[in-house]
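Asks: This structure is in structure tokens; I'll ask about it shortly.
Bear in mind these aren't lab numbers, they're just calculated from the coordinates by the rules spelled out. Keep in mind that this is a model prediction, so the values were computed, not measured. Here the Cβ is made from the backbone with ideal geometry for all residues, glycine too, and neighbour counts use every protein chain on show.
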Amino acid sequence: MTDRLDGVRVLIYSHDTFGLGHLRRCRTIAHALVEKYKGLSVLILSGSPIIGSFDFRARVDFVRIPGVIKLYNGEYTSLGLHIDLSQTMAIRASIIRHTAEMFAPDLFIVDKEPLGLRGELQETLSIMKASGTALVLGLRDIMDEPTLLRREWKSRNLLPALENLYDEIWVYGHEDFWDPLAKMDISNSVRQKMTYTGYLRRVVPQQTKLLPTVALDDPFLLVTPGGGGDGDQLIDWVLRVYESKASLIRSLLVLGPFMRPEMQAEVRKRASVLDAVEVLTFDSHLEHLMEKAAGVVAMGGYNTFCEILSLDKPALIMPRIAPRQEQLLRAKRASELGVSRMFHPYEGTTVDEFAEALRLLPGQPKPSSSMPTGFLNGLESVGNLAERHFHRTASRLSLVETGG
């Protein structure tokens, strides 16, 4: 069922300082909303340097704000501009504020960061709140280890925003899987704002451009470290298995656009002498590759996890453990439920052990055999929750035009 909502507008803030996760999640939500509601428009605010590499449906567009990247030591720096970080942040905040005022959304969805990067949303949120725009904080299933997250949010004084600014908090996960605000000192009123939507189902695009060198007819394992910026360990372990002459079906490695150039070169050099290994740098339609795969080897980021669930693929997860424990906790919990298996290389772990895990991967149970009811209802739930904030009118005036 498709409803028509001419003139309704949704603004989405995508927190993008590392990897692809936030952008891909926001894009998925935007596409689901415009598909469900004809006439609705969605605008995404993002600092991702590769947002232009993705295709967007009609009535979905983006504003690219100056990029900021998170370094491995946890510090931030300007991505493209050779100016002081404080100047970049001031430019970002100004663009965000003016875009929100001109676009005048009915609904503003903020991904992950309650006040944005370094508080850049503070002023915009206050303006939107005063104008009557509904404010929603969207959280992935697991943010970080609960004690560490509590300490971080307390130091940044983020809890008052949940209490005083946001109307609702949508958790893009299932309540039987994880509570992202566990151990957080939140009031009952904040807890009542929380709704578990279920995970965000992904579908295979109807049209996609595949490189002609990729053969999808014969069985293969898809190996994906997501954006690739922190995927060195996963890729290295897979290559070591094939270099050991283990008897396995072939693997297709999709390195990700943020893998370091020197690491990409090393991977391609090692793979060039391995008949059973193929390498792609990046494919914006990973779903198409995953649909054809006999199994998936991944790090366990949120979006890859959603794709594994949606396409019902046997998965082996080798999670990142720093700087956040999100992937480790997700991999452990998924393994406990039987949704996927985890391989975490400790000291003494051998290549033979990993080779055996890869050999067994295609035959392990599919996620659907263990998923609770409603596990993948996220997009339908988000659409229904969003509609409550839509004002069915074709007349739109920005805050600037009304003097607000």
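Asks: Just to confirm the number: angle between the C-alpha axis of helix 378-387 and the first principal axis of the chain, 0 to 90 degrees, nearest 10?
Replies: It works out to around 10 degrees.
Asks: Count neighbours as other Cβ atoms within 10 Å of each site's Cβ, and list the chymotrypsin sites (Phe, Trp or Tyr not before Pro) in the range 285-347 that are DSSP loop with at most 14 such neighbours.
Replies: 346
Asks: Tell me which residues come under 5 Å, amide H to amide H, from residue 280 once H is placed; ignore anything under 5 positions away on its chain.
Replies: Here the answer is 253, 254, 255, since their amide H atoms fall under 5 Å of that of residue 280.
Asks: So, one more: So which chymotrypsin sites (Phe, Trp or Tyr not before Pro) in the range 32-119 are both in a DSSP loop and have at most 13 other Cβ atoms within 10 Å of their Cβ? Intermediate results must be reported in sequence, preceding the final value.
Replies: Numbers: sites: 37, 54, 56, 62, 72, 76, 103, 108; in loops: 54, 56, 72.
Within the range 32-119, the qualifying chymotrypsin sites (Phe, Trp or Tyr not before Pro) (loop, at most 13 other Cβ atoms within 10 Å) are 72.
Asks: State, in angstrom, two size descriptors of the chain derived from its alpha carbons: Rg to one decimal place and Dmax to the nearest whole number.
Replies: My reading of the Cα-based Rg and Dmax gives 21.4, 70 Å.
Asks: Compute, for the range 73-143, the length of the dipole vector about the Cα centre, with Cβ point charges of +1 (Lys, Arg) and -1 (Asp, Glu) only. Units Debye, rounded to 20.
Replies: Values: 6 positive and 9 negative charges, 11 e Å.
The calculated dipole for the range 73-143 is roughly 60 debye.
Asks: Okay, moving on. Which ³J(HN,Hα) values, rounded to whole Hz and listed in residue order, are derived for the range 152-163 from phi using the Karplus coefficients 6.51, -1.76 and 1.60 in 6.51 cos²θ - 1.76 cosθ + 1.60 with θ = phi - 60°, glycine and proline given as x?
Replies: 5, 5, 5, 5, 9, 6, 8, 4, x, 5, 5, 6
Asks: While we're on this one: So what's the angle, to the nearest 10 degrees on a 0 to 90 scale, between helix 232-243 and the longest Cα principal axis of the chain?
Replies: 20 degrees
Asks: Could I get the Rg over Rh figure for the range 1-114? Both from C-alpha atoms, Rh via Kirkwood, rounded to two places. Mind dumping the intermediate values first?
Replies: Numbers: Rg = 14.8 Å, Rh = 14.8 Å.
Reported Rg/Rh, Kirkwood definition of Rh: 1.00.
Asks: Can you tell which of 249, 288, 309 lies farthest toward the positive end of the dipole of the range 210-329, using +1 and -1 charges on the Cβ of basic and acidic side chains (Lys, Arg; Asp, Glu)?
Replies: Farthest towards the positive pole: 249.
Asks: Let me confirm the definition first: pairs of Lys residues in the range 220-369, 8 or more apart or on different chains, C-alpha distance under 25 Å. How many are there? Numbers along the way, then the final one.
Replies: Numbers: 245/269; 245/292; 292/313; 292/366; 313/332; 313/366; 332/366.
Count of close lysine pairs: 7.
Asks: For the chain, what is the relative contact order in percent, using Cα pairs closer than 8 Å and at least 6 residues apart in sequence? Mind dumping the intermediate values first?
Replies: Working: 752 pairs, mean separation 68.7, N = 404.
Relative contact order comes out at 17 percent.
Asks: Using only the alpha carbons, work out the radius of gyration and Dmax of the range 220-369 in angstrom.
Replies: Considering the range 220-369 through its Cα atoms, Rg and Dmax are 14.0, 41 Å.
Asks: Given the options 206, 264, 87, which has the most mean-square fluctuation in a GNM of the chain, springs set between C-alpha atoms less than 10 angstrom apart?
Replies: Result for the chain, Cα springs under 10 Å: 206 fluctuates most.
Asks: Treating the beta-carbon of each Lys and Arg as +1 and of each Asp and Glu as -1, no other charges, what is the dipole magnitude of the chain about its Cα centre, to the nearest 20 debye?
Replies: Values: 47 positive and 49 negative charges, 93 e Å.
It works out to roughly 440 debye.
Asks: Suppose every K and R has +1 on its Cβ and every D and E has -1 on its Cβ; what is the size of the dipole of the range 11-155 about the Cα centre, in Debye to the nearest 20? The partial results should precede the final answer.
Replies: Details: 18 positive and 16 negative charges, 56 e Å.
Using Cβ point charges on Lys, Arg, Asp and Glu, the range 11-155 gives about 260 debye.
Asks: Further, regarding this structure: If one takes the longest principal axis of the Cα atoms in the chain, at what angle in degrees, from 0 to 90 and to the nearest 10, does the Cα axis of helix 122-131 lie?
Replies: 50 degrees
Asks: OK, next. Which whole-number percentage describes the relative contact order of the range 220-369, with Cα contacts under 8 Å and a sequence gap of 6 or more?
Replies: On the way: 260 pairs, mean separation 36.5, N = 150.
Relative CO of the range 220-369 lands at 24 percent.
Asks: Additional query: Tell me the mean residue ellipticity at 222 nm calculated for the chain from its helices only (DSSP H runs of n ≥ 4, each -39500 (n - 2.57), averaged over every residue, nearest 500). Mind showing how you got there, number by number?
Replies: Working: 14 runs with 142 residues, N = 404.
So the helix-based figure for the chain works out to -10500 deg cm²/dmol.
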